[in-house]
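The values are calculated or read from the model by the stated rules, or taken from the named source; none is laboratory data. These numbers were taken from a predicted model, which means no experiment stands behind them. Here Cβ is always computed from backbone atoms with ideal geometry, including for glycine, and neighbour counts include all displayed protein chains. Remember, those area values only see protein heavy atoms, side chains included, never the ligands or the DNA or RNA. Shrake-Rupley method; radii C 1.70, N 1.55, O 1.52, S 1.80 Å.
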Amino acid sequence: MAEGLQLGIDVGGTFTDVVLVDPATGQLECTKTLTTPTDQSEGVINAMRALLERTGRNPADLARLIHGTTMATNALLERKGARTALVTTRGFRDVLEIGRAQKPRIYDIHDDGRPAPLVPRRWRMEVTERIGPDGQVELPLDPSEVGALQRRLVEEGIEAVAAQLKMPVSTVFGALSFYAEFLLAPAARTTITWCSGPACRLAGGDRIREALEAVLGLALNQKTPDDRAGLRLGQCNGTCQIAPMVWVNGRPTGPLTVSSAIELARSARV
């Protein structure tokens, strides 16, 4: 356990809760303040300040801070998120809704007991393109088709876009799902996951991949013999604003240039 005071924060839809623990004495203090939806950091600071002042503690004595929130979960459950579209490879429009075919009521054709998909079918849109399992382009993405799709997104009032081009089953449920994480051998100490999504590719993602492969001496879905570095294939899901990007041990990193990708690959081999 870390030495010094430990502070835990939970931001909820109505209240922000803060708990202060002194590991040396086992003393626990807590307080609750109103959440500030327009800027949640204000509610966090207010709660922290109130608890520290009440207990006579100094912020400099804090050794550990743990933050959690249910705001995103609440938005999903209440369906109050942004109006979202899904762009996927042609032929995979309904994979998101089919899912793993696990249904509470498998014989009810009217209501199988699952919640409606977050993206309704009319906003699940397809484009023609294909990437093979090795990350190589089999059918190039046509930028003009993307442009036409962009106009439709604007007309529909779409506020957020999830891009899932080349969508195998392993990536249906997110950028890296359970099946993508299932490995028969230990993962590399530093795993770089190259994003093959359209935003990254249009922003020069192929050059990033070529730089990573050249420096690491690896193809996609390979790792070095000493297990220091690995290179994998992934999909962007809500991270297009930092295209072109990669994940480094699961953490989004970008936007990248060829030179920064080279430095990233070199550091992974150290």
>> Connecting C-alpha atoms closer than 10 Å in a GNM of the chain, tell me which of 248, 21, 127 has the biggest fluctuation.
In response: 21
>> Can you pull out the GluC sites (Glu not before Pro) in segment 118-161 whose DSSP state is coil and whose Cβ has at most 16 other Cβ atoms within 10 Å?
In response: 156, 159
>> How much accessible area per residue does segment 5-157 have, counting only protein heavy atoms and a probe of 1.4 Å, in square angstrom?
In response: 63 Å²
> Going by a ≥ b ≥ c, the root eigenvalues of the Cα gyration tensor, does the chain fall in the rounded group (a/c under 1.5), the prolate group (a/b larger than b/c) or the oblate group?
Replying inline: oblate
> How much solvent-accessible surface does residue 80 expose, in Å² to the nearest 10, with a 1.4 Å probe and all protein chains in place?
Replying inline: 150 Å²
> Normalised by the number of residues in segment 63-159, what is the relative contact order in percent for Cα pairs under 8 Å and 6+ residues apart?
Replying inline: 31 percent
>> On a straight-distance basis, which aspartates and glutamates could pair with residue 103 in a cross-link, Cα separation under 12 angstrom, same-chain partners fewer than 8 positions away excluded?
In response: 111, 112
>> Suppose a student asked you for the relative contact order of the chain, using Cα pairs under 8 Å spaced at least 6 residues apart; what percent would you report?
In response: 14 percent
>> Within 10 Å, at most 10 other Cβ atoms, and a DSSP state outside H, G, I, E, B define an exposed site. Report the longest part of the chain free of exposed chymotrypsin sites (Phe, Trp or Tyr not before Pro).
In response: 1-106
> Using a probe of 1.4 angstrom, how much of the accessible area of the chain is carbon and sulfur, in percent?
Replying inline: 55 percent
> Can you give the percent of C-alpha pairs in segment 1-91 whose distance is more than 21 Å?
Replying inline: 43 percent
> Farthest toward the dipole's positive end in segment 37-151, which of 77, 127, 149, given Cβ charges of +1 (Lys, Arg) and -1 (Asp, Glu) about the Cα centre?
Replying inline: 77
> Can you list the HN-Hα couplings for segment 41-53, worked out from phi with the Karplus curve (6.51, -1.76, 1.60; θ = phi - 60°), rounded to whole Hz and with x for Gly and Pro?
Replying inline: 5, 5, x, 5, 5, 4, 5, 4, 5, 4, 6, 5, 5
> Given the options 57, 122, 152, which has the most mean-square fluctuation in a GNM of the chain, springs set between C-alpha atoms less than 10 angstrom apart?
Replying inline: 57
>> Of the candidates 24, 72, 199, which one comes out as most mobile in a Gaussian network treatment of the chain with C-alpha springs shorter than 10 Å?
In response: 24
